[in-house]
Amino acid sequence: SVTNLLYCLQHIRIYFVNFRELQNLNLMKDSMLLDDKLLNKINIGIVYSDAEGKPILANKAAERILGLKLNELTKLCSQEEGYIIIDLDGNILPKEEYPSNIVIRTKKAVQDVIAGIHQIKTKHTTWILMESEPEFKEDGISINRILTTITNITTQINIEKKLRFQNRLQQLIT
């Protein structure tokens with residue numbers, strides 16, 4: 001009968017809708033798992049901060065590059081905790097010039113910021129290249145969170161410094 005056919009079609013449609021939703025949910029889980037694996041396999045540090053700039057997520061590369069766990073990242077903002085963030089000339093980088101703070105102030109992406117994370121106790125400096133980008137809420141105006149990527153460029157900076165030193169010595173000799 002037509003009623004039975006409609007009843008069957010409705011249940012088949014519900015089955016397909018539920019199957020599709022389940023499939024989408026599984027795809028989302030797979031995607032999140034893939035994102036998590038990828039996030040922790042790449043050699044680029046990724047730090048997500050909230051709208052005020054407080055770190056809320058960091059991948060393993062960020063923790064390794066910075067030498068700190070997520071819950072310790074706020075130490076980078078405090079000399080009392082044994083860290084100084086410096087520019088290429090060795091001057092302390094003002095907090096207002098941290099990429100995430102520039103993003104908060106301007107609501108625009110910031111690229112190619114070079115800074116040194118100087119550990120006072122060990123006198124070791126890790127040179128990093130940072131880029132920060134705002135992610136906006138649905139209103140398109142308010143910042144939801146900030147994505148910062150961090151690349152360890154210590155080797156490149158040290159080579160560059162040695163080359164500059166050798167060039168100065170060469171100039172003195174000639």
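Heavy atoms only, probe 1.4 angstrom, no DNA, RNA or ligands counted: give me ILE117, ILE141, ILE56 ranked by accessible area, highest first. Please report the intermediate quantities before stating the final value.
Details: ILE117 10, ILE141 110, ILE56 80 Å².
Accessible-area ranking of ILE117, ILE141, ILE56, largest first: ILE141, ILE56, ILE117.
Out of the trypsin sites (Lys or Arg not before Pro) in the range 64-152, which ones are loop residues according to DSSP with at most 14 other C-beta atoms within 10 Å? Sparse-neighbourhood loop trypsin sites (Lys or Arg not before Pro): LYS69, LYS107, LYS108, LYS121, LYS123, LYS137.
Three semi-axes describe the equivalent ellipsoid of the range 56-174; taken as square roots of 5 times the Cα gyration tensor eigenvalues and ordered largest first, they are 31, 17, 13 Å.
The values are calculated or read from the model by the stated rules, or taken from the named source; none is laboratory data. Small disclaimer: the values here were computed from a predicted structure and weren't measured. Cβ atoms come from the backbone with ideal geometry, glycine included; neighbour counts cover every protein chain shown. The accessibility values were calculated without ligands, DNA or RNA, using every heavy atom of the protein model including side chains. Shrake-Rupley method; radii C 1.70, N 1.55, O 1.52, S 1.80 Å.
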